[in-house]
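The values are calculated or read from the model by the stated rules, or taken from the named source; none is laboratory data. Just so you know, these numbers come straight off a predicted model, no measurement behind them. As a convention, Cβ positions derive from the backbone with ideal geometry for all residues, glycine included, and neighbour counts pool all protein chains shown.
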Amino acid sequence: RRAMHGTRMLSRAETYEEYGRSSTVDVDLRSDRWSFLNTLFSVSEGCLYMQLVDRLDSGALIADSVPPFDPGRCSSYSQLFRAVQRALFRAHVQSTLKSEVMQHIERFVNFDPEASQALLEQRRAGKKLALITNSDWVYTRTLMEVAFEPFLPGGMRWWHSSLS
């Protein structure tokens with residue numbers, strides 16, 4: 001059995017202290033104590049929450065906060081998790097995150113020439129390629145043009161039918 005608190009892996013003794021020594025721990029996954037990280041978006045939410053738990057525990061979250069941060073709304077783990085969920089949802093819906101990525105793309109994108117080459121090799125092997133995303137066209141086009149097109153041969157465009 002493994003467990004974490006924030007970004008720190010708990011020792012076996014700490015895990016036993018928190019959850020008991022029983023080989024079968026009763027867990028009710030319907031409880032609001034649990035949140036499923038089953039999308040890439042929710043994984044980023046979980047990672048941010050883990051880091052903020054560390055800051056809450058150390059006191060840095062409250063000590064380093066500046067308005068409009070309200071320490072009273074993030075003083076428990078459940079409050080902190082709800083605040084992370086709300087903030088990331090707002091950033092996603094209002095596209096502030098996408099705008100930040102597009103303005104400073106070099107900070108957020110891993111430029112890997114081998115990724116373009118791998119896709120071209122798949123095409124040469126007769127595979128059909130599809131890009132499936134829930135992002136808008138402007139964001140998708142911008143990322144693909146910057147991340148893939150510089151590594152495609154002879155002015156090939158990522159969206160051109162010759163890639164499919």
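When both residues are 6+ apart or on different chains and their Cβ atoms are under 7 Å apart, which pairs have a first residue that lies in segment 133-144 and is without any contact (Cβ under 8 Å) to a residue 12 or more places away in the chain and loosely packed, with under 13 Cβ neighbours inside 10 Å, and a second that is assigned to a helix (DSSP H, G or I) and not acidic (D, E)?
That search, which allows pairs on different chains as well, returns T133/T140.
In segment 1-46, which residues are hydroxyl-bearing (S, T, Y) and in contact with an Asp or Glu (Cβ under 7 Å, 6 or more places away or on another chain)?
T7
Being hydroxyl-bearing (S, T, Y) and modelled with pLDDT of 95 or more is the filter; apply it to segment 41-67 and report the residue that is farthest from the chain's Cα centre (by Cα).
Of everything passing the filter in segment 41-67, S58 is farthest from the chain's Cα centre (by Cα).
Which count do you get for residues in segment 118-151 that are more than 20 Å from the chain's Cα centre (by Cα), aliphatic (A, V, I, L, M) and not in a helix (DSSP H, G or I)?
Selection size over segment 118-151: 3.
Considering each residue of segment 104-124, count those that are out of contact with any helix residue (DSSP H, G or I) (no Cβ under 9 Å at 6 or more places or on another chain) and under 21 Å from G155 (Cα atoms), and give that number. Give the derivation first.
Going residue by residue through segment 104-124, those that are out of contact with any helix residue (DSSP H, G or I) (no Cβ under 9 Å at 6 or more places or on another chain) are 104, 118, 121-122, 124.
Then drop every residue that is not under 21 Å from G155 (Cα atoms), which leaves 118, 121-122, 124.
Total meeting the criteria: 4.
I'm trying to understand the selection: among the residues of segment 152-164, which are within 26 Å of L40 (Cα to Cα) and either of a type in the set (A, V, I, L, M, F, W, C) or at pLDDT 90 or above (or both)?
W158, W159, L163
Can you pull out every residue in segment 139-161 that is out of contact with any helix residue (DSSP H, G or I) (no Cβ under 8 Å at 6 or more places or on another chain) and hydrophobic (A, V, I, L, M, F, W, C)?
Answer for segment 139-161, where residues must be out of contact with any helix residue (DSSP H, G or I) (no Cβ under 8 Å at 6 or more places or on another chain) and hydrophobic (A, V, I, L, M, F, W, C): just M144.
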